[in-house]
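Have a look at this one.
Just so you know, all these numbers are worked out from the coordinates, no wet-lab data involved. These figures come from a predicted structure and were not determined experimentally. Positions of Cβ are backbone-derived with ideal geometry, glycine not excepted, and every protein chain shown enters the neighbour counts.
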Amino acid sequence: MVVSEETQPTVEGDAAISKKAAKKAAKAAEKQQKKTEHKAASGQQPTEAPESDCSEGRYGIRKLIQSSGEYCDRVYTDVVDLGVTLDGQDVWVRARLHTSRAKGKQCFAVLRQNSSTVQLLVSVSEERNVSKQMVKFVGSITKESIVDVKGRVVKTSSPVESCSVREVELVAEEVWQVSAARAQLPLQIEDASRPEKNDDPEALKIRVNQDTRLDNRILDLRTPANQAIFRVEAGVCRLFRDILTRKGFVEIHTPKIISAASEGGANVFTVSYFKSSAYLAQSPQLYKQMAIAADFDKVFTVGAVFRAEDSNTHRHLTEFVGLDLEMAFKNHYHEVVDTIADTFTEIFRGLQEQYAREIAVVGQQFRVEPFKFLEPPLRLEFPQAIQMLKEAGVTVGEEDDLSTPDEKLLGRLVKAKYDTDFYILDKYPLAVRPFYTMPDPNNPRVSNSYDMFMRGEEILSGAQRIHDPDFLAQRALHHGIDISKIAAYIESFRLGCPPHAGGGIGLERVVMLYLGLDNIRKTSLFPRDPKRVTP
């Protein structure tokens, strides 16, 4: 058989191919051998021991607290009480994790309790038995979680400007998560706490709008300013009670379910009452008067008041807290006006002296001018106010009530002329007051009634009440009120009743205006208005 040159392989070519194939096969075999040896070695040798944790038992998630009796002897220190006097001492603190920043072997955090904050340092240290694992754990705790921290109080070389406790910090020894907050929050406390008016051009312009705040009110209430606002509000209530009790007043509690509109108007909430209807009280007015007729002489009450007004303004709520008082007098209703005025000035003084810290905290977020008042307070009569407005270019009829813009303008005029944010306006037109208001003896178109104002907005409406039953019935009919529905009220005066006067105050409005806030919803814990009945 003859084979051509083109198809017959050479000996040198075969040898080259065989060498390459052999090398490739040898490499593959070597690689496979190494793999096999590595696997065998891995299977035979024990796994590497985990890194030791010197902080074991000093951090973690605390067992659910079910009042089992554990740690009942542990003494906790409030954040606000941390200071240089405790330098070098170990303390336990329960607070929220406000912020944290972990990097390497350190974690800086801020603990917040109410409106007080302190810096926490968690740093790897053999001496304090703080491990990298503990630092990592603290850095992983979600914001707003509640933690128990044992730490040493250490004086800082320079003030910690970002915290309310500035002269010391806590150096962690133990950190336990007590209650975890979810990782994604609907709003950040830092954003909700930012100053509303900030002159710093580099400051973040992030703002949390009012609806978002109110929809997530629990979080919103945790801001330092809100913590302070509602402590001031509690202070107003306490001072109101204490001052009037000292003046001989008795606290009473009046019904909130009533058979007829207490103010004689249509702005009432009707409720189903068994087989008939009733109303939510617009005011404790009638019951305060009946208490005076029952010889209590001086009474006050603190309680819910309901107004079915479709008013979506900065100062109206459909449910608010009423601070009401009523007082018998001897000869002139100004005896009562002076008592109320003195009560207000005592409240204002009490707030300045006892709540200066809280007022300052509010001022850090909402910048306003300090509240000014005179002692005794300024009292103007309605015609004087009309004249001041007229001189400013605003005409108000002698028998007209003041509109909100008129009141605000008058407040500015009074502040400019008398340098006071609080004043009394006396002798309102009879036509604009409720049916039980006593007419002025010298002018049938004028009444013995008065309003009190803070920063140009009304915070109290009051008057001498009609204590003669026949005259009272006549005035009720004049206002179109069904006498049969207030028969018990009128009848109480047929048993003899001393002359008396009083007033009703809106708590939330007082706090709003004293602190200079722009919306009453900021001073209502869970506000109710025509568009909101939750949370």
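For a protection proxy built on the mean count of beta-carbon atoms within 10 angstrom, sort 251-259, 378-386, 320-328, 478-486 highest first, please.
320-328, 378-386, 251-259, 478-486
Could you sort the peptides 362-371, 288-297 by per-residue average Cβ neighbour count (10 Å cutoff), highest mean leading?
Put in order of decreasing packing, that is 288-297, 362-371.
Taking every DSSP beta bridge that has both residues in segment 312-461, what percent is antiparallel when rounded to the nearest 5?
For segment 312-461, the DSSP antiparallel bridge percentage is about 75.
Starting from the Kirkwood radius over alpha-carbon pairs of segment 386-535, derive D by Stokes-Einstein at 37 °C in a medium of 0.692 mPa s and give it in µm² s⁻¹.
186 µm²/s
Further question on the same structure: If you scale each eigenvalue of the Cα gyration tensor by 5 and take the root, what three semi-axes come out for the chain, rounded to whole angstrom and sorted largest first?
74, 29, 24
Too long at a 26 Å Cα-Cα cut-off: which of LYS390/LYS417; LYS298/LYS427; LYS298/LYS415?
Result: LYS298/LYS415 exceed 26 Å.
Taking the Cα centre of segment 225-522 as origin, work out the dipole magnitude from +1 charges on Lys and Arg Cβ and -1 charges on Asp and Glu Cβ, in debye rounded to 20.
The dipole magnitude comes to about 580 debye.
Placing +1 on the Cβ of each Lys and Arg and -1 on the Cβ of each Asp and Glu in segment 429-535, which of PHE526, LEU515, GLY456 has its Cα farthest towards the positive end of the resulting dipole?
Going by the Cα projections, it comes out as PHE526.
Still on this structure, please answer the following. So if I average 1/r over every pair of distinct C-alpha atoms in segment 225-522 and take the inverse, what Kirkwood radius in Å does that give?
19.9 Å
May I pose another question? Among VAL135, PRO469, PRO535, whose Cα projects farthest towards the positive end of the dipole of the chain, with charges put on the beta-carbon of Lys, Arg (+1) and Asp, Glu (-1)?
VAL135
If you don't mind, another one. Would you compute, from DSSP H runs of 4+ residues alone, the mean residue ellipticity of the chain at 222 nm, taking -39500 (n - 2.57) per run and dividing by the full residue count, rounded to the nearest 500?
Only helices count here, giving -10000 deg cm²/dmol.
Further, regarding this structure: Using the Cα centre of segment 225-522 as origin and beta-carbon charges of +1 (Lys, Arg) and -1 (Asp, Glu), tell me which of ILE292, LEU402, ASN226 is placed farthest towards the positive end of the dipole.
ASN226
If you count, for each residue, the other Cβ atoms within 10 Å and average over each peptide, how do 51-64, 499-512, 441-454 line up from highest to lowest?
Highest mean packing first, the order is 499-512, 441-454, 51-64.
Let me ask you something else. If you place +1 on the Cβ of every Lys and Arg, -1 on the Cβ of every Asp and Glu, and leave all else neutral, what size is the dipole of the chain about its Cα centre, to the nearest 20 Debye?
Using Cβ point charges on Lys, Arg, Asp and Glu, the chain gives about 1860 debye.
With angles folded into 0 to 90 degrees, how steeply does helix 224-246 sit against the dominant principal axis of the chain? Use alpha carbons for both and round to 10.
30 degrees
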